[in-house]
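Here the structure is laid out as structure tokens; the discussion comes afterwards.
The values are calculated or read from the model by the stated rules, or taken from the named source; none is laboratory data. Because the structure is a prediction, the values reported are computed rather than measured. Please note: Cβ atoms are built from the backbone with ideal geometry, for glycine as well, and neighbour counts cover all protein chains shown. Surface areas here come from the heavy atoms of the whole protein model, side chains and all, with no ligands, DNA or RNA. Shrake-Rupley method; radii C 1.70, N 1.55, O 1.52, S 1.80 Å.
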Amino acid sequence: MMDFTLPLRLKGYRFPRSVIAYAVWSYYRFHLSLRDVEDLLAARGVTVSYETIRVWVDRFGPQIAAQIRRSRPPAGDKWHLDEMVITIGGEKHWLWRAVDNRGDVLEILVQKRRNARAARRFLRKLMRRWGQPRVVVTDKLRSYDVALRTDCRSADHRSHKRLNNRIEASHRHTRRREKIMGRFKSPGHAQRFLATHDQITTLFRPKRHRLSARSFRHARADAFSLWADYASNLAT
């Protein structure tokens, strides 16, 4: 991952672009804390504090996630929508997530409510970016019925808990990160982190169980090549 062919430095930053890109990749790709990434870099002879790494991931992670989102193929026309509870500052919040039929995360939204208004807000945000779906699969939450009848009547709404297993894998990754980070500090922090995390992990987690070993290695090499391109386009 430390591609020293990348343009060497970002203006105003002491460390090479390759080191910054490696730190951002390590933090979002694996279930690591900032201090874990600090140790990984120290093992490679790079002495940097975890607070500096925090600045890197907060500043450059969203830039790379935006590039990944722009370069992705159009979303599939079958969407899976679900929500999970997360605790922030001792209060219950809801993380709304949508994936398409390929399992790629389309959008996330952290909200305090789980009602029809919150469902409509999430659905409208989805459709502004991706257009209208052909099929929407949800659980039994009735708020989805209201949102779809109001804003997306043409979609075929399928409501059954077992049909929505595709989205559960994304929830598991969120739970692991939530535990490592000692829970999210604020709704804005959760929104920023997860919006970036979901895009980067999608790039580096092809459906391995469906691929031969050779195909998986090719997919991984492609992901590394794309990451190098994204890192070369980082701007201060």
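In the stretch 39-61, the residues that are within 16 Å of residue 194 (Cα to Cα) reach residues that are in a loop (DSSP other than H, G, I, E, B) with C-beta atoms within less than 6 angstrom, at least six apart or across chains, in these pairs: 60/234.
The set of residues in the stretch 142-163 being among the hydrophobic types (A, V, I, L, M, F, W, C), in contact with a strand residue (DSSP E or B) (Cβ under 7 Å, 6 or more places away or on another chain) and open to solvent by 30 Å² or more (accessible area, probe 1.4 Å) consists of 163 alone.
Being under 21 Å from the mean Cα position of the chain (by Cα), open to solvent by less than 70 Å² (accessible area, probe 1.4 Å) and on the phi < 0 side of the Ramachandran plot narrows it down to one of 232, 212, so name that one. Before the answer, list the steps.
Working: 212 fails: under 21 Å from the mean Cα position of the chain (by Cα).
Every option except 232 fails the conditions.
Cβ-Cβ contacts under 8 Å between residues 6 or more apart (or on different chains), taken from a first residue in the stretch 124-153 that is at negative phi and without any contact (Cβ under 8 Å) to a residue 40 or more places away in the chain to a second residue that is assigned to a helix (DSSP H, G or I) and open to solvent by 60 Å² or more (accessible area, probe 1.4 Å), are listed as 140/161; 146/120; 147/120; 150/120; 151/120; 151/124.
Can you find a residue that is touching a Gly at 6+ places or on another chain (Cβ under 8 Å), over 21 Å from residue 109 (Cα atoms) and of a type in the set (Val, Ile, Thr) anywhere in the stretch 227-236?
Within the stretch 227-236, one or more residues are touching a Gly at 6+ places or on another chain (Cβ under 8 Å), over 21 Å from residue 109 (Cα atoms) and of a type in the set (Val, Ile, Thr).
Restricting the stretch 118-140 to residues that are open to solvent by 30 Å² or more (accessible area, probe 1.4 Å) and farther than 19 Å from residue 72 by Cα leaves a set whose member that is modelled with the lowest pLDDT is 140.
Quick one: would you say residue 107 is among the acidic types (Asp, Glu) and either open to solvent by less than 30 Å² (accessible area, probe 1.4 Å) or not in a helix (DSSP H, G or I) (or both)?
Details: among the acidic types (Asp, Glu): yes; either open to solvent by less than 30 Å² (accessible area, probe 1.4 Å) or not in a helix (DSSP H, G or I) (or both): yes.
Yes, satisfied.
Within the bounds of the stretch 188-206, is there any residue that is over 16 Å from residue 101 (Cβ atoms) and of a type in the set (Ser, Thr, Tyr)? There is at least one residue in the stretch 188-206 that is over 16 Å from residue 101 (Cβ atoms) and of a type in the set (Ser, Thr, Tyr).
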